[in-house]
Amino acid sequence: MATWITGHLLALLIGLSLGLIGDGGSILTVPILVYVLGLDAKTAIAMSLAIVGIVSLIGVIPHWKLGNVNLKTAISFTPPAMLGAFLGARLAALPWISDTIQLVCFAVMMLVASYFMIRKPKEKLSDQVKLFVPEHQHKYPWLAIILEGLGVGIITGFVGVGGGFAIIPALVLLGKLPMKEAIGTSLLIITFKSATGFIGYLNQVNIDWNLMLTFTTVAILGVIWGAYFSGKTQGAKLQKAFGYFLIAVAIFILVKC
């Protein structure tokens with residue numbers, strides 16, 4: 001019972017971080033499910049995809065009402081991202097892909113995400129796109145968006161992260177979207193690709209549906225609470241602090257592996 005309560009208090013923390021800084025919190029779902037609630041890596045990744053997808057869908061609603069979701073760009077980015085997420089999930093089914101391999105890859109992605117959360121905002125977007133999209137593809141933004149969607153989708157399906165740290169800068173610099181539109185649009189993309197990634201795991205793991213439902217509900221409450229206080233906090237400082245926290249969690253995972 002104590003671990004159940006602890007896990008759900010941490011789910012509230014995930015929601016709070018998403019509500020306060022709009023990014024990063026969902027990446028904590030897998031380590032909480034594995035190291036606090038005792039699930040194996042594949043089950044945790046599968047459940048994380050569902051949890052992140054549902055929380056992102058809730059997050060889309062206020063952005064949609066404010067007109068901050070660009071459907072045209074989402075339609076270009078979402079199908080390859082969905083395909084990539086499903087392929088990433090099926091890749092995890094290969095016999096030589098162990099829990100350790102997935103967790104090590106997950107920790108690496110945490111370090112990448114933390115790096116961009118700590119970097120100065122002016123440097124952040126261009127550096128992220130250079131990392132995920134080769135320079136010459138900037139001349140063909142439609143191709144770059146498709147390849148970016150496919151690549152981030154594979155990462156999502158394989159390790160269970162939403163990938164907003166890679167999607168948002170691509171939407172800004174390649175899709176030419178304002179930042180607010182990029183954030184809203186990325187949430188819609190994350191919703192759909194998380195769904196296909198989750199489907200890709202269904203015949204690999206046994207899902208604890210009750211745990212997934214309660215964990216998701218608490219995370220959503222945290223998002224609502226965090227969004228309420230977001231205007232009263234300094235998002236940039238919180239994001240930087242959260243980035244350092246992700247480094248600590250990633251090191252913990254690598255040591256445990």
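Points worth noting:
- Cβ separations smaller than 7 Å between residues 6+ apart or across chains give no pair from the stretch 238-257 residues that are more than 15 Å from Val30 (Cβ to Cβ) to residues that are among the acidic types (Asp, Glu) and part of a helix (DSSP H, G or I).
- Answer residue from the stretch 176-229, given it is under 22 Å from Ile154 (Cα atoms) and hydroxyl-bearing (Ser, Thr, Tyr) and is surrounded by the most Cβ atoms within 10 Å (Cβ to Cβ) among those: Ser186
- The listed residue being of a type in the set (Val, Ile, Thr) and surrounded by fewer than 20 Cβ atoms within 10 Å (Cβ to Cβ), out of Ile27, Ile5: Ile5
- Test: Val60 is in contact with an Asp or Glu (Cβ under 9 Å, 6 or more places away or on another chain), within 25 Å of Gly243 (Cα to Cα) and of a type in the set (A, V, I, L, M, F, W, C): no
- Within the stretch 55-74, residues that are part of a helix (DSSP H, G or I) sit with their Cβ atoms under 8 Å from residues that are surrounded by fewer than 17 Cβ atoms within 10 Å (Cβ to Cβ), at 6+ positions apart or across chains, in these pairs: His63/Lys180.
- Screening the stretch 128-187 for residues that are among the aromatic types (Phe, Trp, Tyr) and under 20 Å from Lys72 (Cα atoms) and picking the one that is modelled with the highest pLDDT gives Trp142.
- Filter result for Leu187 (assigned to a loop (DSSP other than H, G, I, E, B), in contact with a helix residue (DSSP H, G or I) (Cβ under 6 Å, 6 or more places away or on another chain) and not β-branched (Val, Ile, Thr)): no
- Scanning the stretch 229-242 for residues that are part of a helix (DSSP H, G or I) and at pLDDT below 65 gives Phe229, Ser230, Gly231, Lys232, Gly235, Ala236.
- Residue match in the stretch 75-98 (condition: of a type in the set (Val, Ile, Thr), assigned to a helix (DSSP H, G or I), surrounded by fewer than 22 Cβ atoms within 10 Å (Cβ to Cβ) and under 16 Å from the mean Cα position of the chain (by Cα)): yes
- Filtered residues of the stretch 99-115 (kept if under 14 Å from the mean Cα position of the chain (by Cα) and modelled with pLDDT under 85): Val112, Ala113, Ser114
- Being surrounded by fewer than 21 Cβ atoms within 10 Å (Cβ to Cβ) and not aromatic (Phe, Trp, Tyr) is a property that does not hold for Ser114.
The values are calculated or read from the model by the stated rules, or taken from the named source; none is laboratory data. These numbers come from a predicted model, not from an experiment. With ideal geometry, Cβ positions are generated from the backbone for all residues, glycine too; neighbour counts draw on all protein chains shown.
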